[in-house]
Every structure is written in C-alpha cells, then in structure tokens.
1. Given the residues Val67, Val42, Val48, which is the only one that is in contact with a Phe, Trp or Tyr (Cβ under 7 Å, 6 or more places away or on another chain) and over 22 Å from Ile151 (Cα atoms)?
2. Looking at (1) among the aliphatic types (A, V, I, L, M); (2) in contact with a Lys or Arg (Cβ under 7 Å, 6 or more places away or on another chain); (3) assigned to a strand (DSSP E or B), can you tell me which one Val218 breaks?
3. Is it the case that region 202-212 has a residue that's surrounded by 22 or more Cβ atoms within 10 Å (Cβ to Cβ), farther than 21 Å from Ala138 by Cα, more than 18 Å from the chain's Cα centre (by Cα) and not β-branched (Val, Ile, Thr)?
4. For region 93-106, indicate whether the set of residues that are hydroxyl-bearing (Ser, Thr, Tyr), more than 17 Å from Asp17 (Cα to Cα) and in contact (Cβ under 8 Å) with a residue 24 or more places away in the chain is non-empty.
5. If you check Tyr182 against the conditions, is it aromatic (Phe, Trp, Tyr), over 19 Å from Ala105 (Cα atoms), modelled with pLDDT of 95 or more and surrounded by 20 or more Cβ atoms within 10 Å (Cβ to Cβ)?
6. For region 253-282, enumerate the residues that are surrounded by fewer than 24 Cβ atoms within 10 Å (Cβ to Cβ), among the hydrophobic types (A, V, I, L, M, F, W, C) and closer than 17 Å to Ser28 by Cβ.
7. Starting from residues that are of a type in the set (Gly, Ala, Ser) and over 19 Å from Ile244 (Cα atoms), keep the ones in region 160-179 and report whichever is surrounded by the fewest Cβ atoms within 10 Å (Cβ to Cβ).
8. Is there a residue being surrounded by 15 or more Cβ atoms within 10 Å (Cβ to Cβ) and touching an Asp or Glu at 6+ places or on another chain (Cβ under 9 Å) anywhere in region 2-10?
Amino acid sequence: MNTSNFKHPLRIFYSDDYAVDERLETVSKSKLLAEMITAGAVPGVELVAPKLATKAELLRIHSLEYVHNVLTGGLKYLAAGFWSKELLQSILATTGGMRDAVFEAFRNGRSGSLSSGLHHASTNNGKGFCTLNGLALAALVALEKVGEVGILDLDAHCGGGTADILKKNKKVRLADVSVCSYDAWTPIAKSRHFFEVVDRPGRYIAKVREALKALEGVEFLIYNAGMDTHEKAGGLDGITLDIIKEREALVVEWARERNVPIIFALAGGYMWSGLTLKEVAELHLETVKAFNS
C-alpha cells in the first residue's frame with residue numbers, strides 16, 4: 001500500500017475541554033476514545049490540544065446574532081438543551097480542533113479531531129446536538145490554500161446545516177450519504193452535490209463509492225465519519241462492524257491514492273440500541289485505525 005503522502009505520526013486534536021458533561025454522549029465519548037489512544041490502542045498516534053475557535057472564525061460560518069447568543073448565553077441553551085460556560089468551552093475547542101486539523105493535514109497528509117456535534121448547525125441556528133459547524137469552518141480554512149474542497153458526510157443523519165452554510169459556495173462539493181432523512185436538504189447543483197438516503201444495508205457501500213466518485217478532483221477532503229450508521233449505534237439494521245471497517249478503509253484509500261489531504265470528525269454514534277459508551281468509542285476507533293494505516 002502506498003503511504004508516501006501520509007507522514008507519521010498521525011496527529012489528532014483533542015483536549016479535556018472536549019468532554020465536559022457526562023449527560024451528553026456526543027461530547028463525553030471523546031474522552032474514552034482519547035484514553036484508548038493514549039493507552040496504545042492505535043500505536044504511534046499523538047493527541048494534540050487545539051486552539052479555541054475565535055469569534056471572528058465563527059462569524060465566517062454563522063450569523064452575528066447567532067454567534068452573539070452562543071457566546072453570551074443569550075439563547076439560554078446550546079443545541080444540547082442547555083447553556084453553560086463549560087459546554088461553551090467544549091464547542092469552541094471542538095470547532096478549533098477542526099481548523100487545526102486542516103493545518104496539520106496540509107503538513108502531513110491527514111489528521112482529525114475527536115469532534116462531534118457539527119453538521120446540523122446552520123447559519124442561524126443549532127440543531128440536534130450541533131451548535132457550531134466545524135465542518136464548514138474547516139472547508140473555508142482549507143480553501144485559503146486550495147481551489148476546491150469536498151465534504152463527505154457519512155453520519156446516519158443528513159447534514160442540512162452544512163448544506164445551508166455552504167451549498168451555494170462553488171468551491172465546495174458536498175457528498176452526503178445517510179440512513180435517516182433527519183435534516184435532509186435539497187441539492188442545487190448536480191455537479192457539486194451528491195445526496196442519498198440509504199434504506200437497505202446492501203446498497204450502503206455502493207452509495208459511498210458513488211459519493212466518492214462525485215468528489216473526484218477536490219484538493220482537500222473533510223470526512224464526517226459518523227458511527228451512528230452502525231446497526232447498534234443508532235443506524236440501519238444490517239450495517240455491521242465489517243461494513244464500517246470497509247467504509248473507513250475505502251475513504252482513506254481514496255484520499256491516499258489521489259494524494260488528497262484528508263481530515264475526519266467523529267460525528268454521531270450513540271447508545272440508543274444497547275451499546276455502552278465504551279463500545280461506541282470503540283466503533284470510532286475504527287476511523288483512527290484507518291487513518292493510521
């Protein structure tokens with residue numbers, strides 16, 4: 001396997017600010033995953049603390065009124081259902097992690113951030129555990145160095161927030177394969193937008209391949225690597241661990257073969273169907289393993 005464009009070590013962004021509230025598996029699972037990485041579950045991976053996202057950066061992706069309310073508690077809650085200084089610190093850290101992952105990927109070929117709660121956040125609102133859209137910020141940061149960026153969203157749910165912010169941007173291609181129509185969006189440019197809700201597990205990998213084909217030619221790839229597609233993590237019956245492993249290998253190999261810098265975010269993955277939080281984190285570990293291969 002050609003690994004010339006993927007330099008080692010793999011550096012992933014995380015700090016204890018990411019996991020601030022045990023009521024929210026969206027943020028708390030990152031701590032377990034970080035502990036697994038630190039303990040050597042994926043040898044050679046380094047965890048790096050990011051810089052917090054700034055107000056100026058947030059204004060690149062969200063409206064002034066919304067950013068003001070997020071930063072000051074004017075909404076009285078974040079997308080998680082409440083507001084606290086600690087949770088604000090968490091979402092600023094996880095958003096900053098996506099930006100810093102872009103810089104790292106330009107240096108070493110790939111990176112990631114143990115960030116979740118991104119793709120439902122739109123220009124003016126948070127939604128579904130998502131308050132700030134770090135995917136959109138990462139895309140705009142990457143566009144400072146390349147001409148075209150792709151976002152591959154393989155979370156169980158659709159990335160309507162990302163589409164709201166970026167689908168009119170002619171330098172961004174969006175490829176969204178979900179297994180649930182929550183937060184669905186309507187493509188406006190066939191050449192730049194691929195959108196599919198899969199209802200049969202046997203069609204899933206084929207649709208991922210189609211999504212990647214739709215991204216041919218992008219110079220940077222942002223991967224929203226949701227594990228909630230897995231049948232026991234909130235997704236579709238029949239999408240097993242083997243399918244998840246095949247998907248992760250497929251995405252990483254696609255980027256490697258084309259010498260395209262790539263970053264990942266954790267995205268969704270839940271205990272809804274009987275998994276423990278540790279088991280959810282172990283699913284996310286498959287993304288780290290693939291990126292470190």
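The values are calculated or read from the model by the stated rules, or taken from the named source; none is laboratory data. These figures come from a predicted structure and were not determined experimentally. Note that we place each Cβ from the backbone using ideal geometry, even for glycine, and neighbour counts take in every protein chain shown.
1. Within the list Val67, Val42, Val48, the selection yields Val48.
2. Result: Val218 fails condition (3) only.
3. Scanning region 202-212 turns up at least one residue that is surrounded by 22 or more Cβ atoms within 10 Å (Cβ to Cβ), farther than 21 Å from Ala138 by Cα, more than 18 Å from the chain's Cα centre (by Cα) and not β-branched (Val, Ile, Thr).
4. Within region 93-106, none of the residues are hydroxyl-bearing (Ser, Thr, Tyr), more than 17 Å from Asp17 (Cα to Cα) and in contact (Cβ under 8 Å) with a residue 24 or more places away in the chain.
5. So Tyr182 fails the test.
6. Those that are surrounded by fewer than 24 Cβ atoms within 10 Å (Cβ to Cβ), among the hydrophobic types (A, V, I, L, M, F, W, C) and closer than 17 Å to Ser28 by Cβ: Met271, Trp272, Leu275, Leu277.
7. Taking the candidates together, the pick is Gly160.
8. yes
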